[in-house]
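Report on the structure given below.
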Amino acid sequence: MNILKTIFFVSLVILSTKANSQGYIEYQKEITQAENYMFDGSFKESIQLYRKTFDAYEFNFPRDCMIAAQIADKYGDDTSTYYFLKKALRYGVPIENISNNKQFRFKYFIKDLQKEYSNIRNQYTNGINLEYKDLCNKLYIKDQEIRDKDQGFWRNRYFVWQKSLRRKWENHSIETVKLIDSLIPIYGYPSYKTIGLIDTSLPKTYINNVGSTQVLIPYIHYMSMNKKKNPKFLENLYDEVVKGNLSARDYALLCEFDYRQKHKKEIHHFMLGKSLYYIRWEVSPNKDSVFNDEEEINKRREKIGLSNCYYERLRKIYQHNNWINFYYYEF
């Protein structure tokens, strides 16, 4: 009997270790499954899995909370809608994003949320590193100021012509990445969990934004450069995905830009390249279209918890038809 108990205990430890090693990859897999349930018409199962996942993790991505709230609202589950919206507020979504959101059928819960908002907002601000956020905001502002200086309507063309300006911008991106890389082991990757949502007062932001792109944008610039990079750069960022400091979607986006830069001679078109890494871009999503490299893309996506290309196209169709807002930014 003692031997059996020992074996059982060791098995639990092994399973626990495996779960901990996956961390927020498992979170993303469950969130993806919850979204897929909705596409399959299983609204009740979708809502149940969302609630189970949110309760199991100390941090929830605000984007996921807002999507879950829309699903619950369309299903008519008012209790779950309120629950998900409170979660969204807790992790940084301003209440104006909810009160002005046309996706929701009922607004009776707004008054109740407003009564609790001050307390919930304090929980959010107390849960992030405000000094770290201020640093990232300044780095982002400088990035945008350099890129947009004196460019006006012809911004992109002007930027390509002005080599000195582009060099200055690239150098700032390199400095930003080096600085943030040195701080990640101390504070974690600066995103939703560590510094919260981007403020709409910053350049190139918009109302109802639920992103955290202060550092993501300079990192994308960095991944798009020809200059040599730290070979363990993406490997280190993968660890941040596991910890929940970097979302799987943002990580996939960085990998995508890195791949495109390394294989730009093989890619015929930025939007419809014949061989991409994590993302199959489509101007007009078609759920029946299949690509030769899609199987490999699916393997990479599913490894970090993202949906396969079929479900990803459904998301774009639903977004395009204004049925549900998935808060897409780059893909």
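The values are calculated or read from the model by the stated rules, or taken from the named source; none is laboratory data. These figures come from a predicted structure and were not determined experimentally. When we count neighbours, we look across all protein chains shown, and the Cβ atoms used for this are built from the backbone with ideal geometry, even at glycine.
Can you tell me which residue among Val215, Val177, Val210 is modelled with pLDDT of 85 or more, crowded, with 18+ Cβ neighbours inside 10 Å and touching a Ser or Thr at 6+ places or on another chain (Cβ under 8 Å)? Break it down stepwise before answering.
On the way: Val177 fails: touching a Ser or Thr at 6+ places or on another chain (Cβ under 8 Å); Val210 fails: touching a Ser or Thr at 6+ places or on another chain (Cβ under 8 Å).
Matching residue, one of Val215, Val177, Val210: Val215.
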(request) Among the residues of the range 102-134, count how many are part of a loop (DSSP other than H, G, I, E, B), touching a helix residue (DSSP H, G or I) at 6+ places or on another chain (Cβ under 8 Å) and within 22 Å of Asp78 (Cβ to Cβ). (result) 5
(request) Quick one: count up the residues across the range 45-60 that are over 20 Å from Asn322 (Cβ atoms) and in contact with a helix residue (DSSP H, G or I) (Cβ under 7 Å, 6 or more places away or on another chain). (result) 10
(request) Only residues in the range 122-136 that are more than 16 Å from Asn245 (Cα to Cα) count as the first member; pair them with residues that are assigned to a helix (DSSP H, G or I), Cβ under 7 angstrom, at least 6 apart or cross-chain, and list the lot. (result) Gln123/Arg90
(message) Which pairs turn up if I take residues in the range 73-84 that are assigned to a loop (DSSP other than H, G, I, E, B) and look for partners that are at pLDDT 95 or above and not acidic (Asp, Glu) with beta carbon separation below 6 Å, at least 6 apart in sequence or on another chain?
(response) Asp77/Ile47
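Every residue, every condition in (1) farther than 22 Å from Phe326 by Cβ; (2) at pLDDT below 90; (3) surrounded by fewer than 17 Cβ atoms within 10 Å (Cβ to Cβ), yes or no:
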site: Pro62; (1), (2), (3): no, no, no
site: Met66; (1), (2), (3): no, no, no
site: Thr81; (1), (2), (3): no, no, no
site: Ala88; (1), (2), (3): no, no, no
site: Asn97; (1), (2), (3): no, yes, no
site: Arg105; (1), (2), (3): no, yes, yes
site: Ser118; (1), (2), (3): yes, no, yes
site: Lys133; (1), (2), (3): yes, no, no
site: Lys138; (1), (2), (3): yes, no, yes
(request) Considering every residue within the range 292-314, establish whether at least one is out of contact with any Phe, Trp or Tyr (no Cβ under 8 Å at 6 or more places or on another chain), modelled with pLDDT under 80 and not charged (D, E, K, R). (result) yes
(message) Return the residues of the range 175-210 that are among the hydrophobic types (A, V, I, L, M, F, W, C), under 20 Å from Tyr222 (Cα atoms) and not in a helix (DSSP H, G or I); say none if nothing qualifies.
(response) Ile198
